[in-house]
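Before any comments, here is the structure.
The values are calculated or read from the model by the stated rules, or taken from the named source; none is laboratory data. If you're wondering where the values come from, they're calculated on a predicted model, not measured in any experiment. Because the Cβ atoms are built from the backbone with ideal geometry, glycine has one as well, and the counts that use them run over all protein chains shown. Ligands, DNA and RNA are stripped out before the accessible areas are found, and what is left, the full protein with its side chains, is counted by its heavy atoms. Shrake-Rupley method; radii C 1.70, N 1.55, O 1.52, S 1.80 Å.
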Amino acid sequence: MSKNLFTPIKIGNVTIKNRLVVPAMGTNLAKHNGEASPELIKYYTERAKGGFGLIIQECSAIARNGKSLKDECGMWDDYVIPSYRELTDSVHAAGGKIFCQLRHTGRETNKGYTEGLEVVAPSHVPCPACQEMPHALTTEEVYRVIEEYAVAARRVKEAGYDGLEIHASHGYLPAQFLSPHANKRTDEFGGSLHNRMRFLRLVIRYTREVVGEGYPIVVRLSGSEMLEGGREIQETKAVAQMLEEEGVDAINVSISTYGSLQYCVGSSYLAPGYQVPDAAAIKKVVNIPVMTVGRITDGEIAEAI
């Protein structure tokens, strides 16, 4: 069973000791002000002790209006850095590597989670699940959000993380720009796939300027949004190739949005590894490492994948 699973792999300048990854999963264990709590630190330290090659810390909001949990990890202010330095030090002491997942929910939230701040999105199109009408970002505001990603990335690196993941899956803000379902813009961020890709391209470019060459940047990407009018796998394959051209070090593939949430958190009615076909399709068109998720609960299945 160990032919592939327990072989090392490099992501950027970081060597991961095996192919076992703890993907980002929201715990709601952070402090209400966004700092790491003792419970959150213990949660990730125990997973490092378990021998996983890589841990991807759960969604960490780049801005307060990008939250969808009451007690979400925050990367929106420098005051959080010491608490997350304590977390990364603890994980490293336990022998683990940890990346931080940066997220902005865009329209997939409501004011109850954003502390009353306005919900934002590329266009005046509400989330199929949350249903709150978002403010359509102006072009100037779009560039401001891109800068927020870069500043959050600087905090991630200062806090001692081994790399970062940009959450562009599950219908969050970068995915909203990519999706014809959510993006009805007529400026340089809307229309053709090239234009819809511009937001994510610039997030990567601004982030790379801050963290430097070699520091791992992963993008979490939905292969198919499983939503009428949403992005399909053929278009996502083109997106993946553009991400590789931008210097992304790995792609983490899942499927769905909040409008097709039954495919995001797979129940026992879905086959083991049900998201693998989309990841396999993307792996065929890129040369960088590809990760995947979705009811991979058996070592033999993981080895086959």
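See the values below:
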quantity: Some residue of the range 33-45 being closer than 24 Å to LEU173 by Cα and open to solvent by 10 Å² or more (accessible area, probe 1.4 Å); calculated: yes
quantity: Residues (of a type outside the set (D, E, K, R), within 16 Å of GLU232 (Cα to Cα) and open to solvent by less than 40 Å² (accessible area, probe 1.4 Å)) located in the range 275-288; calculated: GLN275, VAL276, ALA279, ALA281, ILE282
quantity: Selection count, the range 252-267, where residues are in a helix (DSSP H, G or I) and of a type in the set (A, V, I, L, M, F, W, C); calculated: 1
quantity: GLY294, sole failed condition from (1) open to solvent by 30 Å² or more (accessible area, probe 1.4 Å); (2) more than 30 Å from VAL151 (Cα to Cα); (3) part of a loop (DSSP other than H, G, I, E, B); calculated: (1)
quantity: Candidate set: the range 245-274, residues that are among the hydrophobic types (A, V, I, L, M, F, W, C) and over 17 Å from LEU200 (Cβ atoms); chosen: the one most open to solvent (accessible area, probe 1.4 Å); calculated: VAL265
quantity: Residue tally, condition aliphatic (A, V, I, L, M), more than 15 Å from VAL91 (Cβ to Cβ) and surrounded by 16 or more Cβ atoms within 10 Å (Cβ to Cβ), over the range 10-29; calculated: 1
quantity: Test result for ALA63, modelled with pLDDT under 95, surrounded by fewer than 24 Cβ atoms within 10 Å (Cβ to Cβ) and in contact with a Phe, Trp or Tyr (Cβ under 7 Å, 6 or more places away or on another chain); calculated: no
quantity: Pair list, Cβ < 8 Å and 6+ apart or interchain, from the range 92-110 residues that are closer than 21 Å to ASN13 by Cβ and touching a residue at least 60 places away in the same chain (Cβ under 8 Å) to residues that are part of a strand (DSSP E or B) and among the charged types (D, E, K, R); calculated: PHE99/GLU165; CYS100/GLU165; GLN101/GLU58; GLN101/GLU165; GLN101/ARG220; LEU102/GLU165
quantity: Contacts under 7 angstrom Cβ, first residue in the range 165-186 being within 14 Å of VAL239 (Cα to Cα), partner open to solvent by 10 Å² or more (accessible area, probe 1.4 Å) and assigned to a helix (DSSP H, G or I), 6 or more apart; calculated: PHE177/ARG196; LEU178/ARG196
